[in-house]
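**Student:** The following block contains the structure, expressed as structure tokens.
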Amino acid sequence: MTAASIGAGEATDYGAYLESRTVASARGDYYLSAEGEPVEAPGRWHILGETLERLGLRAGEPVRAEELVALMEGRHPASGEFIRRAGCDGRRAAGIDLTFSAPKSVSVAWALGDAGQRAGIEAAHGRAVEQAIGHLRSVVPVVREGAGGGVLARARDVIAAE
């Protein structure tokens with residue numbers, strides 16, 4: 001897993017980057033269909049049901065770029081109102097980009113496998129990502145509050161999209 005911080009000011013560019021992942025890059029792409037066409041599975045939310053409802057999102061519906069960008073900017077995806085306070089410098093943090101990559105040996109097994117083996121490897125990786133997000137939800141979700149952000153408090157939920 002790798003992690004990179006994303007500032008709220010980068011939210012629009014980041015959303016455009018994610019949408020561009022369906023375009024073949026000059027160096028090739030890991031996300032190819034059986035026919036060699038560039039594809040990527042639609043995004044999905046990893047959010048508790050109560051939070052989904054509060055944000056006006058529906059479980060099982062794919063992540064839409066405008067919803068993700070709004071949340072990264074600290075806004076409600078439907079109303080556009082700010083739902084996250086700005087820091088003392090007036091800025092809001094957008095989030096953290098976590099990339100869950102299987103070891104190269106798993107990628108090789110996937111590349112050499114038949115359709116059933118590939119599906120099994122993909123399902124196992126999906127479960128691993130869900131477990132990792134569940135662990136983050138139970139251990140990591142804190143926010144900084146108070147002057148200078150010196151007080152740590154429990155966050156209500158981790159809002160994640162895959």
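**Student:** So A132 passes all but one of these: (1) at pLDDT below 85; (2) under 16 Å from H46 (Cβ atoms). Which condition number does it fail?
**Tutor:** (1)
**Student:** Then there's this: Being loosely packed, with under 11 Cβ neighbours inside 10 Å and modelled with pLDDT of 90 or more is the requirement here; does D114 meet it?
**Tutor:** When the stated conditions are applied, D114 passes them.
**Student:** Does A109 qualify as being in contact (Cβ under 8 Å) with a residue 12 or more places away in the chain, among the small types (G, A, S) and either touching a Cys at 6+ places or on another chain (Cβ under 7 Å) or within 30 Å of D157 (Cα to Cα) (or both)?
**Tutor:** For A109, the condition - in contact (Cβ under 8 Å) with a residue 12 or more places away in the chain, among the small types (G, A, S) and either touching a Cys at 6+ places or on another chain (Cβ under 7 Å) or within 30 Å of D157 (Cα to Cα) (or both) - is not met.
**Student:** Go through the stretch 144-158 and give me each residue that's over 16 Å from H46 (Cα atoms) and either in contact with a Lys or Arg (Cβ under 8 Å, 6 or more places away or on another chain) or at pLDDT 70 or above (or both).
**Tutor:** G150, V151, L152, A153, R154
**Student:** For the stretch 41-59, state whether one or more residues are at pLDDT below 70 and either in contact with a Ser or Thr (Cβ under 9 Å, 6 or more places away or on another chain) or at positive phi (or both).
**Tutor:** Within the stretch 41-59, none of the residues are at pLDDT below 70 and either in contact with a Ser or Thr (Cβ under 9 Å, 6 or more places away or on another chain) or at positive phi (or both).
**Student:** Another one. Anything in the stretch 79-97 that is under 17 Å from L68 (Cβ atoms), modelled with pLDDT under 85 and of a type in the set (A, V, I, L, M, F, W, C)? List them, or say none.
**Tutor:** Within the stretch 79-97, I83, A93, A94, I96 meet the criteria.
**Student:** Looking at E130, E67, E81 in this structure, which one is farther than 21 Å from S5 by Cα and either without any contact (Cβ under 8 Å) to a residue 40 or more places away in the chain or in contact with an Asp or Glu (Cβ under 9 Å, 6 or more places away or on another chain) (or both)?
**Tutor:** E81
**Student:** Sort out for me the helices (runs of 4 or more DSSP H) sitting completely within the stretch 54-162 that have 2 or more residues that are over 19 Å from A11 (Cα atoms).
**Tutor:** Once the helices (runs of 4 or more DSSP H) in the stretch 54-162 are filtered for at least 2 residues that are over 19 Å from A11 (Cα atoms), what remains is 104-112, 115-139.
**Student:** Same structure again: When you scan the stretch 49-94, how many residues do you find that are over 18 Å from the mean Cα position of the chain (by Cα) and either surrounded by 18 or more Cβ atoms within 10 Å (Cβ to Cβ) or of a type in the set (A, V, I, L, M, F, W, C) (or both)?
**Tutor:** 5
The values are calculated or read from the model by the stated rules, or taken from the named source; none is laboratory data. Remember, predicted model here, so these are calculated numbers, not experimental data. FYI the Cβ positions are ideal-geometry reconstructions off the backbone, even for glycines, and counts take in every protein chain you see.
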